[in-house]
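The values are calculated or read from the model by the stated rules, or taken from the named source; none is laboratory data. Owing to the predicted nature of the structure, the values given are computational and were not obtained by experimental measurement. All Cβ positions, glycine included, derive from the backbone under ideal geometry; neighbour counts span all protein chains shown. Please note that ligands, DNA and RNA were not included when accessible areas were found on the heavy atoms of the full protein model with its side chains. Shrake-Rupley method; radii C 1.70, N 1.55, O 1.52, S 1.80 Å.
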Amino acid sequence: MAQSPIGDERIERFRTGVHGDVIPSDDDDYDDARAVWNGIIDKYPTLIARCRGVADVIRAVEFARENDLHVAVRGGGHNVAGTAVCDDGLVIDLSEMRGVRVDPEERTAWVQGGAAWADVDHETQAFGLATPGGVVSKTGVGGLTLGGGIGHLRCKYGLSCDNLRSVDIVTADGRYLTATVDENEELFWGLRGGGGGLGVVTGFEFELHPVGPEVATCFVLYPGERAAECLRAYREYVATAPDEVTTLSSTGVMPDEGLFPGDVVDELKIGFLGCYAGPPEEGEEALAPLRELGDPIADFSGTMPYAEFQQTFDEDYPDGMRYYWKSLYLDGLTESAIDRICYWAETAPSPLSTVDIWELGGAITDIDPEESAFVGRHAPFLLGIEANWEDSANDEANVEWVRDCVADTRQFSDGSFYLNFPGFFEGGEAALETTFGAAYERLIALKDEYDPADLFDPNRDANSAN
Ligand code: FAD
């Protein structure tokens, strides 16, 4: 086990200056504290500081600077690349900062930087309100929002980062700033989809919308041998569906014995998942075409509480399993794109893996691309390739499958990818430059202004060789 190069005395002084736990490598909790959602990630920070509030965060940032430690910020710990932890440096762990305060009159929610989407849904749904999150409620608000945020409400209400009203952040020099469209506005621009690395966000203020509590949902599955035909029908469907409808398709085996009849458990399937942000009776009608493609294997669609729908897949992505996810923004869903997507779904080495098509457009395209650092507004679809597997002996085969799929399907894309499905950030800065295009120079200028010594985000470069 790596030993802390910082003397005990300095650690003790740090400990007395913060309310949260400070966990060095010889602490009994160290291995639990350094573990993140993706079981492939195995990093050994020098220290982990579980902050309890802004004062702890400011103190932790100062401690890192004084001791020449780089900093990884842990929100929900769900980034597939493991950017919430680092080797050697200090992890500023926000997992005890999960408070949410709703203002039902103003329709806003103030959310602490370490909250998960389940925390937000729980508080906001008490008032029949919601803000766009992701499709798994255990995921962290922090990383998801800083990278953009595509969830079940995106076509009607935009990305998570589109719903930000203000952001409270501790920067590398220990200042506590608020960023809005009118205050520290360039910083606010970069925090909306730029992927973080500019400081520790202690609070996000989101706009809320009336949603639910009951919403019409769709989750219907067809035999995988009909995937191409179903994807063609899906392409036609989303071209005319109203913005209230947000859907995605997922093609994979999904071997769930509890869900499927025995004869199809191990067979390839294509599923459509989505919901309607509006009155449930209208939604059932609007989603019906996806349920009428003929002879489904199973159909779990129906009206249900929005907060429950958000949790549908929580158990399918257990902590500590092995994951490698990449993505590409697609120019369209052409015949040849559909053909290759089906091929890659059929050849996945793990039955738990899927190839997904996320519908974009709608409210996402209502926002001027210059307004935020998020870069995917031009694309009608996002291709997500998820390798999910259990045994470390299969690491290479699964990672290779995803990389080969991306290399092959790049022909249907301008090569840009969604920052929150990044693989291990292969290609480093060059890949980010391709992805951000004109926004890249603006982001570099922000980094130079707010974090000139590269205190934050040590992982992008470290991972670029993978
Ligand atoms: P972390 O690993 O904690 O953080 C990710 C990055 O953000 C790190 O670099 C971290 O330093 C930084 N960061 C996090 N919080 C803060 C903060 N408060 N201040 C400063 N920096 C911070 N994405 C979608 O858009 N839609 C989905 O539906 C979706 N579903 C997912 C489902 C699962 C099961 C998983 C694992 C991921 C999913 N994602 C989805 C991807 C998700 O957006 C990313 O994994 C995201 O990084 C998760 O955020 P986090 O806070 O949990 O991650």
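Computed quantities for the displayed model
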read-out: Filtered residues of the range 83-116 (kept if more than 22 Å from Arg65 (Cβ to Cβ) and touching a helix residue (DSSP H, G or I) at 6+ places or on another chain (Cβ under 7 Å)); value: Arg98, Val100, Val102, Ala109, Val111, Ala115, Ala116
read-out: Count - residues of the range 309-355 that are within 16 Å of the ligand (Cβ to nearest atom), farther than 15 Å from Asp408 by Cβ and not aromatic (Phe, Trp, Tyr); value: 15
read-out: Residue in the range 87-96 that is in contact (Cβ under 8 Å) with a residue 40 or more places away in the chain, away from the ligand (no atom under 14 Å from the Cβ) and within 27 Å of Asp31 (Cβ to Cβ) present; value: yes
read-out: Yes/no for Asp457 being modelled with pLDDT under 95 and among the charged types (D, E, K, R); value: yes
read-out: Failed item in (1) surrounded by 17 or more Cβ atoms within 10 Å (Cβ to Cβ); (2) modelled with pLDDT under 95, with Arg34 passing the rest; value: (2)
read-out: Strands (runs of 3 or more DSSP E) contained in the range 88-196 and holding at least 1 residues under 23 Å from Ala72 (Cβ atoms) and open to solvent by 10 Å² or more (accessible area, probe 1.4 Å); value: 88-93, 108-112, 164-170, 176-179
read-out: Residue pairs meeting the criteria (Cβ under 7 Å; at least 6 apart or on separate chains; first over 15 Å from Pro223 (Cβ atoms), in the range 244-263; second among the basic types (Lys, Arg) and modelled with pLDDT of 95 or more); value: Glu244/Lys156; Thr246/Arg154; Thr246/Lys156
read-out: Val211 more than 13 Å from the ligand (Cβ to nearest atom) and free of Cβ contacts under 8 Å to residues at least 12 places away in the same chain; value: no
read-out: Residue list for the range 3-12, filter: closer than 27 Å to Asp319 by Cα and open to solvent by 50 Å² or more (accessible area, probe 1.4 Å); value: Gln3
read-out: Every residue from the range 18-63 that is part of a helix (DSSP H, G or I) and under 30 Å from Arg322 (Cβ atoms); value: Tyr30, Asp31, Asp32, Ala33, Arg34
read-out: Hey, Arg15 open to solvent by 20 Å² or more (accessible area, probe 1.4 Å) and either in a loop (DSSP other than H, G, I, E, B) or of a type in the set (S, T, N, Q) (or both) or not; value: no
read-out: Subset tally (residues that are open to solvent by less than 10 Å² (accessible area, probe 1.4 Å) and under 26 Å from Pro242 (Cβ atoms)) for the range 364-373; value: 2
read-out: Unique match (being open to solvent by less than 30 Å² (accessible area, probe 1.4 Å), more than 17 Å from Thr246 (Cα to Cα) and not in a helix (DSSP H, G or I)) among Ala337, Ala345, Ala387; value: Ala387
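One line per residue, one yes/no per condition, for (1) touching a Gly at 6+ places or on another chain (Cβ under 7 Å); (2) closer than 20 Å to Thr171 by Cα:
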{"site": "Asp42", "(1), (2)": "no, no"}
{"site": "His70", "(1), (2)": "yes, yes"}
{"site": "Arg74", "(1), (2)": "no, yes"}
{"site": "Cys86", "(1), (2)": "no, yes"}
{"site": "Ala109", "(1), (2)": "no, no"}
{"site": "Thr124", "(1), (2)": "no, no"}
{"site": "Val135", "(1), (2)": "yes, no"}
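Every residue, every condition in (1) away from the ligand (no atom under 11 Å from the Cβ); (2) touching a Leu at 6+ places or on another chain (Cβ under 7 Å); (3) not hydrophobic (A, V, I, L, M, F, W, C), yes or no:
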{"position": "Arg107", "(1), (2), (3)": "yes, yes, yes"}
{"position": "Ala115", "(1), (2), (3)": "no, no, no"}
{"position": "Gln125", "(1), (2), (3)": "yes, no, yes"}
{"position": "Pro132", "(1), (2), (3)": "no, yes, yes"}
{"position": "Val135", "(1), (2), (3)": "no, no, no"}
{"position": "Thr139", "(1), (2), (3)": "no, no, yes"}
{"position": "Gly143", "(1), (2), (3)": "no, no, yes"}
